[in-house]
Each structure stands twice: as structure tokens, then as C-alpha cells.
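Values in this text are rule-based calculations from the coordinates and carry no lab data. Small disclaimer: the values here were computed from a predicted structure and weren't measured. Neighbour counts run over all protein chains shown; Cβ positions are idealised from the backbone, glycine included.
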Amino acid sequence: MTIELFRDDSYLKENSVTISEVIPEGLIFDKTIFYPEGGGQPGDQGILIVGKKKTNIIGTKYINNKLVHLVDDVEGLKKNDTVTVELDWPRRFSHMQVHTSLHLLCSIIPYPVTGGSIGDGRGRLDFDLEIKPDKEKILNGLNKLIDEDHIVSISSITDDELDQNPDLVRTMSVKPPRGSGTIRMIKIGDNVDYQPCGGTHVKKTSEIKKVKSVKIENKGRMNKRIIINF
Ligand SMILES: [Zn+2]
């Protein structure tokens, strides 16, 4: 099992790792700072450095429950090699900003989330909601929460505690990961947002860029898509 360093510290940008397995699609490491595609957030990209040779890591995702760093060419790389990896930090930091802003959007629109997606400088959530909300209110609400500089903190609860408080789950399309006995929780401010999430976030909301525009699309009578651009 790869140790997922990005869960406790999403600001790690490079580190030294040991290859634990080479598969045709890429490499599995003993530990990683690369976030694997999931929960609407794209997998990380970056580079792998061995001596003077640099190889692109073009994506990161789970394949058969293994956290795989996708590389075009695995030739010359073998188990137990120690290599240096560097994250494409501007891209990842943008994902962290957009991801955290979607938590803020959840606090402004208190309805169940049915889907979502995170991009570079852009994100969206779909809500189980009949009435189209006011986009100016959303824009101003998001920028107010960003300005207020709320702390984003990580904690955990047990599976049982989550079962007793099912309302904590906001996203219907992504089930919180179970099995380890505890669920990772993300809290923003004292009472802005609190929900299970495995993604990468900024440490405080003032690190998020100001939201430039909000767009709302009707995706069915009970489905409104809210797109935010930075
Ligand atoms: Zn999150």
C-alpha cells in the first residue's frame, strides 16, 4: 500500500520515493505526494527525475486498487530504485483552490450535490434543486467567504458516527471511503462547511483567488449546475 502523504500535507511539492512496482501503465511508489483522480478532482501530473533523465508523469490514478503514476516510458526503471518526483504545482494548487471553493459553494447552496468536477481555474457542482438560485448572490457570497479567511482543518470521525449523522454527507455521487474504520472530515471555519472529503484543500480560504463569474445551467427540473470561474 502506498503511503498517501498528500492527505496530511497537500503542500508537499517534491520528494524522494522508492519504486515498489513497475507495471505497463506506470509506477507504484512506497509513498506519494501525487493525488490520484477521484471525487471529481483530476489526478496530479509532474516529473520523475533519475540522474539527469527526466520523465513526465502524465497522470495519477488507482488501477486495481493500486495508486499508479502514469508514465509513457518505464524502460530502465525497476523495483527498489530511488527516484525524485516533482509535482506540477501551479496545476495542483489551482485544483486545491477550486476544490476548496466548491466546499464554500456547498455552504451557500444547502441542497444535496449530485455531481461535480474540478478543473484548472474552473469548477462546477450539480445540485438537486428546483429553483434557479441568484448568481450574483452566489458570486458575492463566495468572495465574502474567501475574504473572511476561514481556516480549513482536517479531522476524522468513525464509520458509526457518520451513520448516526447521515446529513454530513453532501455529495450523493461520491461515497465517503469506508473500511479503515474512520472517515476523513474537512471543516471550514467554525460553521461554514463540514463534510467527509478525501481531496486536497488550501489551508485558509484567503488563499483562494477571487471568483470572477458564476454561471447557472438548467440540467432538468430538479438539477441545477453551478459553474464558477476564477
Ligand atoms: Zn474537499
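Let me know the shape class of region 3-87, please: from the alpha-carbon gyration tensor, a ≥ b ≥ c as square roots of the eigenvalues, rounded when a/c is under 1.5, otherwise prolate if a/b is greater than b/c, or oblate. Cα axes put region 3-87 in the prolate bin. 3J(HN,Hα) couplings calculated from phi for region 43-54 with the Karplus curve 6.51 cos²θ - 1.76 cosθ + 1.60 (θ = phi - 60°) are, in sequence order, x, 6, 10, x, 10, 10, 10, 10, x, 9, 8, 10 Hz; Gly and Pro show x. For region 117-125, backbone phi angles converted through the Karplus equation (6.51, -1.76, 1.60; θ = phi - 60°) give residue-by-residue couplings of 7, 10, x, 7, x, 7, x, 8, 10 Hz, Gly and Pro being listed as x. Taking amide hydrogens as placed 1.01 Å from N in the peptide plane, the amide H of residue 31 sits under 5 Å from those of 3, 18, each at least 5 positions away in sequence or on another chain. Using C-alpha pairs under 8 Å with a sequence gap of at least 6, the mean separation divided by the residue count of region 90-143 gives a relative contact order of 36 percent. Net charge in the neighbourhood of residue 130 (other residues with Cβ under 15 Å of its Cβ; Lys, Arg +1, Asp, Glu -1) is +1. Projecting each Cα onto the charge dipole of the chain (Lys/Arg +1, Asp/Glu -1 at the beta carbon, about the Cα centre), which of 152, 228, 97 comes out farthest on the positive side? Projecting each Cα onto the dipole axis, the largest value belongs to 228.
Output the relative contact order of the chain, whole-number percent, from Cα pairs under 8 angstrom with separation of 6+ residues. Mind dumping the intermediate values first?
Working: 497 pairs, mean separation 44.8, N = 230.
Computed over the chain, the figure is 19 percent.
For region 199-230, the residues whose backbone nitrogen is under 15 Å from a point 7 Å from the Cα of residue 140, taken along Cα to Cβ, are 214.
Dipole of region 3-87 computed with +1 at Lys/Arg Cβ and -1 at Asp/Glu Cβ about the Cα centre; of 59, 69, 18, farthest Cα towards the positive end is 18. What does the charge add up to near residue 83, with Lys and Arg as +1, Asp and Glu as -1, over the other residues with Cβ less than 15 Å from its Cβ? After counting each charged neighbour, the total is -1. Its relative contact order, with pairs defined as Cα atoms under 8 Å and 6+ residues apart, puts region 3-87 at 36 percent. Computed log10 I(q)/I(0) for region 1-142 at 0.12, 0.13, 0.17, 0.18 Å⁻¹: -0.55, -0.62, -0.89, -0.96, from the Debye equation with unit scatterers placed on every C-alpha and solvent omitted.
The HN-Hα couplings worked out from phi for region 217-230 by the Karplus form 6.51 cos²θ - 1.76 cosθ + 1.60 (θ = phi - 60°) are 10, 7, 10, x, 4, 10, 9, 10, 9, 10, 10, 10, 10, 10 Hz, whole numbers, x standing for Gly and Pro.
Over the chain, what is the percentage of antiparallel beta bridges among all DSSP beta bridges, to the nearest 5? If we restrict to bridges inside the chain, about 95 percent are antiparallel.
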